[in-house]
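Written out below as structure tokens is the structure these notes cover.
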Amino acid sequence: MSNYDTIRDYVASCASMLYFQYHGKEGHVDPYSSTEFLLWFDGREMTVHSVDEVMNTPFWDGKALADIAGDVTDISW
């Protein structure tokens with residue numbers, strides 16, 4: 001399973017927060033429910049309303065999580 005698939009499946013499960021680093025900056029996805037997710041990166045935050053938005057919103061240094069999934073480090077489930 002790819003990092004993208006693993007991240008997407010974990011976020012969709014709404015089990016707990018997903019923590020990671022990208023370009024040396026901290027980020028996380030906090031699933032409040034299956035229709036509300038808080039994105040946080042380098043002191044900024046945004047709420048989105050689907051797993052597709054979590055993966056495709058260009059929030060992480062202007063890139064989508066789908067695009068950077070292979071480059072995130074220090075992933076904590």
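The values are calculated or read from the model by the stated rules, or taken from the named source; none is laboratory data. Small disclaimer: the values here were computed from a predicted structure and weren't measured. Virtual Cβ from ideal backbone geometry, glycine too; neighbours counted across all protein chains shown. To get the accessible areas, we keep the full protein, side chains included, count just its heavy atoms, and leave off ligands, DNA and RNA. Shrake-Rupley method; radii C 1.70, N 1.55, O 1.52, S 1.80 Å.
Structure values in brief
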| quantity | calculated |
| --- | --- |
| Added length on full extension, which subtracts the Cα-Cα distance from 0.36 nm per residue, D61 to T6 | 17.7 nm |
| Estimated distance in nm for a label pair at W40 and D71, the labels positioned 7 Å out from Cα along Cα-to-Cβ | 2.3 |
| Counted charge near S16, where neighbours are those whose Cβ lies closer than 14 Å (Asp, Glu -1; Lys, Arg +1) | -2 |
| E26 long-range amide H proximity, modeled H, under 5 Å | D42 |
| Kirkwood hydrodynamic radius over Cα pairs of the chain, then Stokes diffusion coefficient at 37 °C and 0.692 mPa s, in µm²/s | 274 |
| Largest-first ordering by accessible area, 1.4 Å probe, given options K25, K63 | K63, K25 |
| Zone residues, the range 45-77, relative to E26, backbone N less than 15 Å from point 7 Å out along Cα-to-Cβ | 45, 73-77 |
| Cβ-based net charge around V72, under 12 Å, with every Lys or Arg adding one and every Asp or Glu removing one | -3 |
